[in-house]
Structure formats: structure tokens, C-alpha cells
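*Asks:* Here it is: the structure, laid out below.
Computed from the coordinates by the stated procedures, all read-outs in this text should not be read as laboratory data. All figures in this text were calculated on a predicted structure; none of them were measured in a lab. Every residue, glycine as well, gets a Cβ built from its backbone with ideal geometry; the counts of neighbours run over all protein chains shown.
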Amino acid sequence: MAQPYPLAKNSSRRSLFKRLLQPESPTRPMLLCRPPGAVPEVEFFDHCSRCDACLLVCPSQVIKRGDGGFPVLDFVAAGCTGCGDCISACLPKALQSAATSWPKGQVSLNDACLADRGVTCQACKDACDFEVIRFPVTVATPIPVFDTDRCVACGECVSVCPVNSLAIIPLASSTAG
């Protein structure tokens, strides 16, 4: 299976900065989350050796090589299980044990959601093991409501959305862009 966003193994800094200046894609947000346990971004660039150890041990294969070869989370095919294997595998300590082994992010919904078009779809709710997503009873087609306090940013909802209307937006300390 071809990777959805193929990247050259030795991406240059130029491509990293070029992407920062390009507008956001509606199907792929410009900001990507770092793997669980990522230290703040400036430290991350200093610590990460781009050895791919975190990519190789990820059981759900959501860690991908991003611009410059630095790891990012890509929820196209699956979500993060929160297993912490990537943290254990990171010898340079760019990923460190914290209170949680989940990504640092927040779910975001854009206007491509099928519910906005009057189509009933609850794929995101069905995929969420944490019961963070609910569809209130209404006479119109219900729009998903997210309990952001309980969301662990695992990305399972993102991976099943048929119209790519969901994204995990990184919190400030895990921004990869």
C-alpha cells in the first residue's frame, strides 16, 4: 500500500520552511502532532536523531517520517493506542515518559462533516473507545459534539471519517509544522 503522503528520506530544511508558508489543505492540516511524550518542539529538534526507532515499534503504524525526517503522527489509517512503545524506543529522549502516553492534541471538526450536509454518519462516535463523541437528539441531522476534557487525541475518529472532516490539532508543546 502506498503511503498517503510520501516524503523523501532526506528532506531538506527548505521543504520544511516551504510547507510552513503554504496554505492549509482541507484534507490534511498543516500542523501535525508529534508522537506521544514529545518534549517541546525546540528541544525535540535538538534531541531527535531521526533514527526511526519510534516508527519501527509503533504497533498501529501511525508514526510517520515527516518533513526533515522528524516523526509525526498520521491518523489516516489508524489511531494511537497509547501503548508507549515509541517512548521506550527513543534513546535520544526526544520522547519522554510523562503522566500520559497519549498524543498532545485536540480534536477539530471542519465544515466537510456529512452531518452539515444532512447525512447521518456516526463513524467517529463508533470508533471512539472513550465515548468522547456524542450526537445530541434533534429533529435535524445531529452534529457531533466532543467532550474535549475527556478526549485523549488518539485519532481513531480521524482514521474512520469518510470525508476527512476531523483532525487532531496539536497543543502548543507538540506542534510540528
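*Asks:* Using the 10 angstrom Cβ neighbour count as an exposure proxy, how do Leu91, Leu109 rank, fewest first?
*Replies:* Values: Leu91 11, Leu109 19.
With the sparsest Cβ surroundings first, the list reads Leu91, Leu109.
*Asks:* Could you list which residues have their amide H under 5 Å from that of Gln106, counting only those 5 or more apart in sequence or on another chain, with H placed in the peptide plane?
*Replies:* When sequence neighbours closer than 5 places are left aside, the close amide H contacts are Ile169, Leu171.
*Asks:* In sequence order, what are the phi-derived ³J(HN,Hα) couplings for segment 155-167 according to the Karplus relation 6.51 cos²θ - 1.76 cosθ + 1.60 with θ = phi - 60°, rounded to whole Hz, with x for glycine and proline?
*Replies:* Those phi angles translate into x, 4, 5, 5, 5, 9, 5, x, 10, 6, 8, 10, 8 Hz.
*Asks:* Once phi is turned into ³J(HN,Hα) by the Karplus curve 6.51 cos²θ - 1.76 cosθ + 1.60 with θ = phi - 60°, what whole-Hz value does each residue of segment 42-55 show in order, with x for glycine and proline?
*Replies:* 4, 5, 4, 4, 6, 8, 5, 8, 6, 7, 6, 4, 5, 5
*Asks:* Starting from the eigenvalues of the Cα gyration tensor, five times each then square-rooted, give me the equivalent ellipsoid semi-axes of segment 105-170, largest first, whole Å. Present the calculation step by step, with values, prior to reporting the outcome.
*Replies:* Numbers: eigenvalues 67, 34, 20 Å².
Ellipsoid semi-axes (Å, largest first): 18, 13, 10.
*Asks:* Kirkwood-based Rg over Rh for segment 60-177 (C-alpha set), two decimals?
*Replies:* Details: Rg = 15.4 Å, Rh = 15.3 Å.
That ratio equals 1.01.
*Asks:* Report the FRET efficiency, 1/(1 + (r/R0)^6), for Ser49 and Glu131, where r is their Cβ-Cβ distance and R0 is 25 Å, rounded to 0.05. All intermediate terms of the calculation are to be shown ahead of the outcome.
*Replies:* Working: r = 38 Å, r/R0 = 1.53.
It comes out at approximately 0.05.
*Asks:* Under a point spin-label approximation (7 Å from Cα along Cα-to-Cβ), what is the Ile169-Ala77 distance to one decimal in nm?
*Replies:* Going from the Ile169 label point to the Ala77 one covers 2.8 nm.
*Asks:* Quick query: amide H of Cys33 versus all other amide H atoms, modeled in the peptide plane; which residues come in under 5 Å with a sequence gap of 5 or more or a different chain?
*Replies:* Leu73
*Asks:* Determine, for Phe44, Phe130, the number of other Cβ atoms within 10 Å of each Cβ, and report the residues in order from fewest to most. Could you put the intermediate results ahead of the total?
*Replies:* Numbers: Phe44 21, Phe130 13.
Fewest-to-most Cβ neighbours within 10 Å comes out as Phe130, Phe44.
*Asks:* With a 10 Å Cβ neighbour count serving as the proxy for reagent exposure, in which order, fewest first, do Arg50, Arg65, Arg150, Arg34 appear? Could the numbers behind the result be given before it?
*Replies:* Values: Arg50 17, Arg65 20, Arg150 11, Arg34 29.
Listing Arg50, Arg65, Arg150, Arg34 from fewest to most nearby Cβ atoms yields Arg150, Arg50, Arg65, Arg34.
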